[in-house]
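**Q** Take this structure first; my questions come after.
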Amino acid sequence: MDIENLIAVFERKLMIQRYSTSSIKNYSSSVRSFLHVAEKRFDQPDELNENEIEKYVFWKIRKDNISSSYQRMIVAAIDKFYYSVVGKNLSIRHLYPSRKKHELPKYLTRAEVKRMLQSITNPKHACIIKLLYGCGLRLNELLHLKISDIDSENMLIYIRNSKGNKDRVVMLSPTLLADLRSYYKSYHPKYYLFEGQDGGMYSAKSVQTIVKTAATKAGITNPVSPHILRHSFATHLLENGTGIRYIQQLLGHNSVKTTEIYTHITDVARSNIKSPLDML
C-alpha cells in the first residue's frame, strides 16, 4: 500500500475543495494513521469494509481514550478519503458519536486573568496571553497570525482561514497594540507574528506551556488552556452587556446557538435568586 501517494492525492482533493490548512493537516494525519494500521492486513484500502473501519474506531477509543470530537473527526476523514480517493461510499454514519456532552464552558474570573498577566515578565508571552484572552482567539488562529494581519490604523486584527475556512475581524485593544509594538522592536519577527527561535510558525506546545505556567504562577489550581482564555473572553463580554450576536461574530461561530451556551453561565451569575440554603 503506497500510503504517502494516497495521502498526497487526498490532500490535493481537499485543497481543490478549499479545505482550511488545519483541516487538511488533521484529515491527512488521521487517514495516514488509519492506513498504517490497515496495511498490516490489507494490500489496498478498497479491500476494507465498514466492519474493519468500525473495529479501528473501537480500537482507538479503547487504546487512546479519544474524545467524542476527535472520534467525529477521524470518522469524517476516513469517510471523505474513501469517497474522494478510493471512489467508495461508506455506510459509517453509525460510527459518529450519537450524543455530544453538553458541558458548560470553563472560564476564569477577571481577577484570575489579571493575576496571570501580572505573573508574566516575558513580553512575547504577555502578548500571546493578551491576544488569546483579549481577542478570543483559538490556538490555531493565534499561531497563524501574520504581522500584516495587525491593522493599527483601523484597530482591527484579521483572522484568516479560520475554522470552517472563514475570515473575520476582531478588535485590537490600544493596550495590546502598545505591547505588540514593544514586542516587535525586541523580537523582530519576519512573517508570522510569533515565530520560533529558528523562524517559522511558533509551536502549539509552546503556547500551551506559556498559558499553563502563567496560571500556575497566578495560583490557579484548575487546569488552564488557551481555549479557556477564549471562553473567558466570551463570558466577560456577555457579563459586561455585549450583545450575543456581536460575540458570535467575534468568536467566529456559525450558529448563535453555539454562543448561547455562555448565557447559561452569566444568567445564573447575574441573577438575584437566593439559594434555599441562605433562606434558612
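**Q** Please give the charge dipole size of segment 110-270, origin at the Cα centre, charges +1 on K and R Cβ atoms and -1 on D and E Cβ atoms. Round to the nearest 20 debye. Walk me through the intermediate numbers first.
**A** Numbers: 21 positive and 12 negative charges, 45 e Å.
With Lys and Arg at +1 and Asp and Glu at -1, about 220 debye.
**Q** Taking GluC sites (Glu not before Pro) as exposed when DSSP calls them loop (any state but H, G, I, E, B) and at most 14 other Cβ atoms lie within 10 Å, what is the longest stretch of the chain free of them, the sites themselves excluded? The partial results should precede the final answer.
**A** Numbers: sites that count: GLU39, GLU103, GLU153, GLU260.
After excluding every exposed loop site, the longest remaining stretch is 154-259.
**Q** Moving on to the next point. Around GLU11, with a cut-off of 12 angstrom between Cβ atoms, what is the net charge of the other residues, counting Lys and Arg +1 and Asp and Glu -1?
**A** On the way: positive: ARG12, LYS13, LYS25, ARG32, LYS80; negative: GLU4.
Once all neighbours under 12 Å are counted, the net charge is +4.
**Q** State the percent of C-alpha pairs, over all pairs in the chain, separated by a distance greater than 28 angstrom. Walk me through the numbers on the way to the answer.
**A** Working: 18975 of 39060 pairs.
Counting every Cα pair in the chain, those more than 28 Å apart make up 49 percent.
**Q** Still on this structure, I have one more. Around LEU156, which amide H atoms from residues at least 5 apart in sequence, or from another chain, sit under 5 Å from its own amide H, with H modelled in the peptide plane?
**A** ASP151, LEU172
**Q** Scattering from the C-alpha atoms of segment 110-270 alone, worked out with Debye: what is log10 I(q)/I(0) at q = 0.10, 0.15, 0.18 1/Å?
**A** Those come out to -0.36, -0.83, -1.20, one per q.
**Q** Which of TYR82, SER22, GLN44 sits closest to the plus end of the dipole of segment 3-95, meaning its Cα is farthest towards the positive end, when Lys and Arg get +1 and Asp and Glu get -1 on the C-beta?
**A** SER22
**Q** What Kirkwood radius, in Å to one decimal, follows from the Cα pairs of segment 47-132? Walk me through the intermediate numbers first.
**A** Values: mean 1/r = 0.0605 Å⁻¹.
Hydrodynamic radius (Kirkwood, Cα pairs) of segment 47-132 is 16.5 Å.
**Q** Give me the percent relative contact order of segment 1-65, please, defined on Cα pairs under 8 angstrom at least 6 residues apart.
**A** Values: 20 pairs, mean separation 23.6, N = 65.
36 percent.
**Q** Ok, one more. How much length, in nm to one decimal, is gained on full extension between TYR191 and ARG110, taken as 0.36 nm per residue of separation minus their Cα-Cα distance? Before the final figure, lay out the partial values.
**A** Details: separation 81, 0.36 × 81 = 29.16 nm, distance 3.24 nm.
My answer for the length gained is 25.9 nm.
**Q** Shape of segment 3-95 from its Cα gyration tensor (a ≥ b ≥ c, root eigenvalues): rounded if a/c is under 1.5, otherwise prolate when a/b > b/c, or oblate? Don't skip to the end; give the middle numbers.
**A** Values: a/c = 1.56, a/b = 1.19, b/c = 1.31.
Since a/c reaches 1.5 but b/c is at least a/b, the shape of segment 3-95 is classed as oblate.
**Q** Find me the longest stretch of the chain that has none of the exposed chymotrypsin sites (Phe, Trp or Tyr not before Pro), where exposed means in a DSSP loop (not H, G, I, E or B) with at most 16 other Cβ atoms within 10 Å.
**A** The reported range is 43-190.
**Q** What are the trypsin sites (Lys or Arg not before Pro) within segment 1-48 that DSSP puts in a loop, where the Cβ has at most 14 other Cβ atoms within 10 Å?
**A** Numbers: sites: ARG12, LYS13, ARG18, LYS25, ARG32, LYS40, ARG41; in loops: ARG18, LYS40, ARG41.
Loop-located and lightly packed - ARG18, LYS40, ARG41.
**Q** I would also like to ask the following. Using only alpha carbon pairs under 8 Å that are at least six residues apart, calculate the relative contact order of the chain and give it in whole percent.
**A** With pairs under 8 Å counted, the relative contact order is 18 percent.
**Q** Along the positive direction of the dipole of the chain (beta-carbon charges: Lys, Arg +1; Asp, Glu -1; about the Cα centre), which of ALA218, MET155, LEU176 reaches farthest?
**A** Projecting each Cα onto the dipole axis, the largest value belongs to ALA218.
Taken together, the values in this text are just the output of simple stated rules run on the coordinates, not laboratory data. None of the values given here were measured: they were computed from a predicted structure. Positions of Cβ are backbone-derived with ideal geometry, glycine not excepted, and every protein chain shown enters the neighbour counts.
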